[in-house]
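Derivation of every value follows stated rules applied to the coordinates shown; laboratory data play no part. What you are looking at is a predicted structure, and each value in this text was computed from that prediction instead of being measured. Every residue, glycine among them, receives a Cβ derived from its backbone with ideal geometry; neighbour counts consider all protein chains shown.
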Amino acid sequence: MQTAMDNFRMGGDRIYYYAFTRDTHRFALMCGIWNIRWPLPAAEIGYWANTSEAGHGYTQEALNALARFCLSDLRMKRLSMRIAEHNTASRHIAIKTGFNEEGYHPADGLQGNGTIMNMYSYGLLDANWLPPLEVTWKPVPAEVKEE
């Protein structure tokens, strides 16, 4: 993780974060930014959630926190996201978190198995569009930290 943060601080083009449940310390999701265009500055943002941890609000909380960090602390002007048409849960999370649907793109994405899929694009320009974020962050317990 330290190497990734050092690369990011030196103008790297991606960074990923991992979230674990508070009670069981199980992997809940990964979120990140990539294709960072520092001169603008802008980036793509996204997430992958563990389906067994769905429905607890972890994904929206993480997306909100990361988007807030990018727009406020990193002073990015734009965050964009692409979500497959069939992924209605993720599309709902994007809208609920404050992203605006910007377009529909037929046959513009590939699944891991090579199947072509339709995509939606979303954008966020202002941290004020995000819902309130009222969380307390705690250090990762020693038993889940990398050595």
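Some observations on this one:
- Distance (nanometres) between label positions extended 7 Å along Cα→Cβ at N100 and D23: 3.9
- Rounded, prolate or oblate (a/c below 1.5 giving rounded, otherwise prolate when a/b exceeds b/c) for segment 2-142 by Cα gyration tensor: rounded
- Here A54 and R75 are evaluated by their C-beta separation; at R0 = 30 Å the FRET efficiency comes out at 0.40.
- Relative exposure of S72, S121, judged by other C-beta atoms within 10 Å (fewest first): S72, S121
- Each Lys or Arg adds one and each Asp or Glu takes one away; over the other residues whose Cβ falls under 12 Å from the Cβ of I95, this sums to 0.
- Normalised by the number of residues in segment 1-135, the mean separation of alpha-carbon contacts (under 8 Å, six or more apart) gives a relative contact order of 18 percent.
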